[in-house]
Amino acid sequence: MLTNASTAAGFQSTPPRINTLMMMEMQVVNRATGVILRAYALGDTAEIIIGRDANCDVQINAPSVSREHCVIEHVDNDYRLRDLNSTGGTWVDGDRMTEIRIEDGMEVNVGPALLRFVDGS
């Protein structure tokens, strides 16, 4: 039987913490054509702001999109999408939402764009 010195001395080693956060990719899709315009890996930053403003991390240049429309946040090993009180709303399955946990296969409507979330691992 193999042991290390700390175990033999009566110390318990704590197993390394495994990050259970799923690697996700967000695809920005033109709803009218179904063409993927751009793809982003989630997890590189704590938040991604989506909106019409040039300073947004993801810019959707359309009048129906607010300057800062919604945000994706990394919270407690989950990704969450939160509407920033946008005028046109953020929609999931035909329902206007304020905040939702992002899951593999989820599609979110923001103005003329569809945000599709897929497992990126």
Of the residues Arg96, Arg101, Arg80, which single one is in contact with a Gly (Cβ under 6 Å, 6 or more places away or on another chain) and either free of Cβ contacts under 8 Å to residues at least 40 places away in the same chain or over 18 Å from Arg31 (Cβ atoms) (or both)?
Arg96
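One line per residue, one yes/no per condition, for (1) assigned to a loop (DSSP other than H, G, I, E, B); (2) in contact with a Cys (Cβ under 9 Å, 6 or more places away or on another chain):
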position: Arg80; (1), (2): no, no
position: Ser86; (1), (2): yes, yes
position: Trp91; (1), (2): no, no
position: Arg96; (1), (2): no, no
position: Ile100; (1), (2): no, no
position: Gly105; (1), (2): yes, no
position: Val108; (1), (2): no, yes
position: Arg116; (1), (2): no, no
position: Ser121; (1), (2): yes, no
Condition check: part of a loop (DSSP other than H, G, I, E, B) and surrounded by 16 or more Cβ atoms within 10 Å (Cβ to Cβ). Does Glu73 satisfy that?
no
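Rundown of residues vs (1) at pLDDT below 80; (2) out of contact with any Cys (no Cβ under 7 Å at 6 or more places or on another chain); (3) surrounded by 12 or more Cβ atoms within 10 Å (Cβ to Cβ), yes/no style:
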| position | (1), (2), (3) |
| --- | --- |
| Ala8 | yes, yes, no |
| Thr20 | yes, yes, no |
| Met26 | no, yes, yes |
| Arg31 | no, yes, yes |
| Leu37 | no, yes, yes |
| Asn55 | no, yes, no |
Failed criterion for Ser121 (all others in (1) hydroxyl-bearing (Ser, Thr, Tyr); (2) modelled with pLDDT of 95 or more; (3) surrounded by fewer than 16 Cβ atoms within 10 Å (Cβ to Cβ) hold):
(2)
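The values are calculated or read from the model by the stated rules, or taken from the named source; none is laboratory data. Since we're looking at a predicted model, the values are computed, not measured. FYI the Cβ positions are ideal-geometry reconstructions off the backbone, even for glycines, and counts take in every protein chain you see.
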